[in-house]
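Engineer: The structure's right below; bear with me while I get my questions together.
Just so you know, all these numbers are worked out from the coordinates, no wet-lab data involved. Fair warning: this is a prediction, and the values are worked out from it, not measured in the lab.
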Amino acid sequence: MRKVLLVRYGEVFLKGANRPHFLKLLTDNVKRAVKPIGGKVWLSDSRIYVSDVEDMDECVRRVRKVFGLYSVSPAIECPDELAGVCRGAGRTHS
């Protein structure tokens, strides 16, 4: 399991045919914001994700300054099975 940053964006869905252009621009801006601290940035399922950073608090601070974002939430990437989700939540599966 690894720590990731879940980034939600706002009104990009209103952009119509230009939507892919605006999503790439927004993703590139997030990449630029976290470049000094490293990390991996990708777009998937209408969300932008950031991972592999040493200082998650600094990453959150930097990403929150990017224009056009709705929210930034630290998260944990878990396997997609009940036992893995329970481990990620710090609980035991019974």
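Engineer: Can you tell me which aspartates and glutamates have their Cα less than 20 Å from the Cα of LYS31? Leave out same-chain residues fewer than eight positions away.
Structural biologist: Candidates past the 8-residue exclusion: GLU11, ASP45, ASP52, GLU54, ASP55, ASP57, GLU58, GLU77.
Engineer: Express in % the proportion of alpha carbon pairs of the range 8-61 at distances exceeding 13 Å. Walk me through the numbers on the way to the answer.
Structural biologist: Details: 845 of 1431 pairs.
Above the 13 Å cut-off, the range 8-61 has 59 percent of its Cα pairs.
Engineer: If you don't mind, another one. Please check: in the Gaussian network model of the chain (C-alpha springs, under 10 Å), which one of ASP57, ASP28, ASP80 has the largest mean-square fluctuation.
Structural biologist: In this elastic network of the chain, the residue with the biggest mean-square fluctuation among ASP57, ASP28, ASP80 is ASP80.
Engineer: Still on this model: Using a Gaussian network model of the chain with C-alpha springs under 10 Å, which one of GLY39, GLY16, GLY68 is most mobile by mean-square fluctuation?
Structural biologist: GLY16
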